[in-house]
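Have a look at the structure below before the remarks.
The values are calculated or read from the model by the stated rules, or taken from the named source; none is laboratory data. Everything numeric here is computed off the predicted structure, so don't read it as measured data. We place every Cβ from the backbone using ideal geometry, glycine too, and count neighbours over all the protein chains shown.
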Amino acid sequence: MRLCFFGAYEPDYPRHNVIKRGLVMNKVRISECSLPPKYKFWLRYPLFLFRYPIFCKGQDFFFVPEFCQKDVPLAKVLSLVSSSKLVFDPLASRYETKITDWKRKSENSWQAWWNCTIDRWAFKLSDLVLADTQAHKEYYCQKYGLPSSKVAVLPVGFNDTLFRPADAERGNNHFTILFYGSFLPLHGAEVMIRAAKIVSLNEPSIQFRFVGSGQTFPRAKALARELDCSNVFFEGWVPQEKLPQKIASADVCLGIFGETEKAKRVVPHKIFQALAMKKPVITAHTPAVEEFFSHRKNIFLCSEPLPDSLAQAVLELKRDEVLRKKIAEQGHQLVGQNFSPVALGRTLKKILEQYFIHSSRR
């Protein structure tokens, strides 16, 4: 099986790197025809055409990774020329991200229409679309009219070369709660800040550490100042290769607590990464997370009202070391078996074989 990763994507983004490593470990031959996302699509199309004979000829599949909707039309043309199949892994729709989740423009704006149109064409032109959860698959099918048979589920997983159990030097004896990320609305940073304030009134020694920056970062810092959260610390952005050190020094890691519809459909990398490092994870109770995890067995789930529920979860795990270790151990075992690169590569290879190779024989 030969597969070409095609598009203008970030070279270090976890999603396609996990998939790529997993496919190689399952003996799939990989090539790449890629450019940095900074190139506008009308500039990168000629460059892709120039590179096509070098990287793309003779492939069984063109694989367009996350956020590369604008590269799907060219990939479709090249796949037809090559008698190949086109697989698209959007990870999220442009419309849902920019309009519904980030709220950059109104739903009645021309930008909303344009982003929805880009999504629709990318999905329509693809032979197979991947979704990271069943909840996300159902959204794609409902929003864009895709038949269920055209969408397959492949969770995001984790990079096992980076995220694995490790010891870390601790600068103090505080019980540390860690959140790291790009402060997207779906992360719910303000929920975490409010929970931290509640925790400080009960257990002042518990610290909340926030690593990263992004859209809601200024609001989160302002809220921490407003509530006078002396147990909250912001550490700024760190490179991905330094995240394992931050996770290793924490006692508990946080998932997402956003109130957007998108937050209910995703299970982000950070959950798999922290569990891979044998750290207990607390996250909001959503349909998506229930697809893979079980409350108090391999994860700790919070319900509404989220700030109070999160605060109580933190306090319980602080006081119950047995439960904390149980969640960490069983979560670690689960993600190692089902969501490592080799496991996800095996899953994707089977999906491609069943969807394309077996069906063509019939």
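Every residue, every condition in (1) surrounded by fewer than 19 Cβ atoms within 10 Å (Cβ to Cβ); (2) in contact with a Cys (Cβ under 9 Å, 6 or more places away or on another chain); (3) not assigned by TED's automatic domain parsing to the domain that holds T286, yes or no:
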| site | (1), (2), (3) |
| --- | --- |
| F163 | no, no, yes |
| L186 | no, no, no |
| E203 | yes, no, no |
| V211 | no, no, no |
| L227 | yes, no, no |
| Q240 | yes, no, no |
Inset, instruction - Please find, within the range 112-153, the residue that is surrounded by the most Cβ atoms within 10 Å (Cβ to Cβ) out of those that are touching a strand residue (DSSP E or B) at 6+ places or on another chain (Cβ under 8 Å) and either of a type in the set (K, R) or not assigned by TED's automatic domain parsing to the domain that holds M25 (or both). - result: K137
Inset, instruction - Please find, among S109, S84, the residue that is polar (S, T, N, Q), surrounded by fewer than 18 Cβ atoms within 10 Å (Cβ to Cβ) and more than 25 Å from E138 (Cβ to Cβ). - result: S109
Inset, instruction - Taking A250 as the residue in question, decide whether it is touching a residue at least 40 places away in the same chain (Cβ under 8 Å) and in the same structural domain as C141 (by TED's automatic domain parsing). - result: no
Inset, instruction - Looking only at the range 92-107, decide whether some residue is in contact (Cβ under 8 Å) with a residue 12 or more places away in the chain and within 19 Å of D127 (Cβ to Cβ). - result: yes
Legend entry - Positions within the range 309-345 being more than 15 Å from D251 (Cα to Cα), touching a residue at least 40 places away in the same chain (Cβ under 8 Å) and exposed (fewer than 15 other Cβ atoms within 10 Å of the Cβ), in sequence order: N338
Legend entry - Matching entry among Y39, Y9 (being touching a residue at least 24 places away in the same chain (Cβ under 8 Å), in the same structural domain as F67 (by TED's automatic domain parsing) and in contact with a Ser or Thr (Cβ under 7 Å, 6 or more places away or on another chain)): Y9
Inset, instruction - Filter the range 2-34 down to residues that are in contact with a helix residue (DSSP H, G or I) (Cβ under 7 Å, 6 or more places away or on another chain), more than 20 Å from A92 (Cα to Cα) and not in a helix (DSSP H, G or I), then give me how many there are. - result: 8
Inset, instruction - State which residue is farthest from V18 (Cα to Cα) when the search covers only the range 198-207 and only residues that are touching a Ser or Thr at 6+ places or on another chain (Cβ under 8 Å) and not in a helix (DSSP H, G or I). - result: P204
Inset, instruction - Take the residues in the range 62-81 that are surrounded by 22 or more Cβ atoms within 10 Å (Cβ to Cβ) and more than 20 Å from the chain's Cα centre (by Cα), then tell me which one is nearest to H136 (Cα to Cα). - result: V72
Inset, instruction - Could you tell me whether the range 73-82 includes any residue that is β-branched (V, I, T) and under 20 Å from Y45 (Cα atoms)? - result: yes
